[in-house]
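One structure is given below, encoded as structure tokens.
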Amino acid sequence: MELADPIDFAGRAVIVTGGTKGIGAVIAEAFLAAGAEVVVCGRGAPTALPSSGGRSAAFHAADVRDPTAAAGLVAATADRLGRLDVLVNNAGGSPDADAATVSPRFVERVVALNLLAPFYLAQAANLVMREQPEGGAVINIGSVSAHDPQPGTAAYSAAKAGLRGLTRALALEWAPRVRVNHITAGLVRTADATALYGEDGGAAVAGVVPMGRLAVPADVAHACLWLAGPHAAYVNGADLAVHGGGEIPARHLARRAPRS
């Protein structure tokens, strides 16, 4: 059987949340390069929109933590483009915080952005996708923190673990028309790499990753293209690890470290 081109999204409509900067912007650019029409969102309009090949993403202002705004984003996209084929729930993140003293309001906001917003958006997207002959695909961008929490990430890690469980549950309920998958993203070199990984921009941190480097946003974007495309037509409820093999265990690093 001859397979379709896995990166041809001409005529397809895609939403990328948090798609105005960082990993989300590169995901949006990858879908644009593959021929898709792309809508990105944020609470405020960016100075420049993701673009590729002379085409740019459209922008819709929305705070996706608000279920009404999330549903409005999906409805506006479907009205504008006549369909919705792919939803990438990329918006997320959290500053580190001490679990012993963090406020309830902080926890609520972290969970709302990283777990509830993807749920609200997926619900709205499913209503559109399930009525299309081709169905659709939802991709949730998760984090290694869901598997291996780090100090200062209690609320974030719990929310991301919930997102992984949500993916599996929705995949069971909505197949075969709508596929739902998850990407476990590892350490990614972005414009904020210095703030996240130190003054060397992550060079030292890369030494604990088997691949010997941090991911770049394109690594995550390419995984999204595959999961949304025809070569992944039977992939549903999956957790695709895009983390370079994870982190080398500390006991191994300690054993190989030079002794004074």
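The values are calculated or read from the model by the stated rules, or taken from the named source; none is laboratory data. All of these numbers come straight from a predicted model, not from anything done at the bench. Heads up, the Cβs are rebuilt from the backbone with ideal geometry, glycines too, and the neighbour counts pull from every protein chain shown. Surface accessibility is based on the protein's heavy atoms, side chains included, excluding ligands, DNA and RNA. Shrake-Rupley method; radii C 1.70, N 1.55, O 1.52, S 1.80 Å.
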Determine whether segment 52-66 contains at least one residue that is touching a residue at least 40 places away in the same chain (Cβ under 8 Å), within 16 Å of the chain's Cα centre (by Cα), closer than 17 Å to N126 by Cβ and part of a loop (DSSP other than H, G, I, E, B). yes
Among the residues of segment 41-72, count how many are in contact with a Leu (Cβ under 7 Å, 6 or more places away or on another chain), open to solvent by less than 30 Å² (accessible area, probe 1.4 Å) and hydrophobic (A, V, I, L, M, F, W, C). 5
Determine, yes or no, whether G207 is modelled with pLDDT under 95 and either open to solvent by less than 30 Å² (accessible area, probe 1.4 Å) or not polar (S, T, N, Q) (or both). yes
Is one or more of the residues making up segment 152-161 in contact (Cβ under 8 Å) with a residue 40 or more places away in the chain, of a type in the set (S, T, Y) and touching a strand residue (DSSP E or B) at 6+ places or on another chain (Cβ under 8 Å)? yes
Keeping to segment 73-85, report how many residues are in contact with a helix residue (DSSP H, G or I) (Cβ under 8 Å, 6 or more places away or on another chain), farther than 13 Å from T17 by Cα and either open to solvent by 30 Å² or more (accessible area, probe 1.4 Å) or hydrophobic (A, V, I, L, M, F, W, C) (or both). 4
Residue count, segment 234-260, condition surrounded by 10 or more Cβ atoms within 10 Å (Cβ to Cβ), at pLDDT below 80 and not hydrophobic (A, V, I, L, M, F, W, C), comes to 4
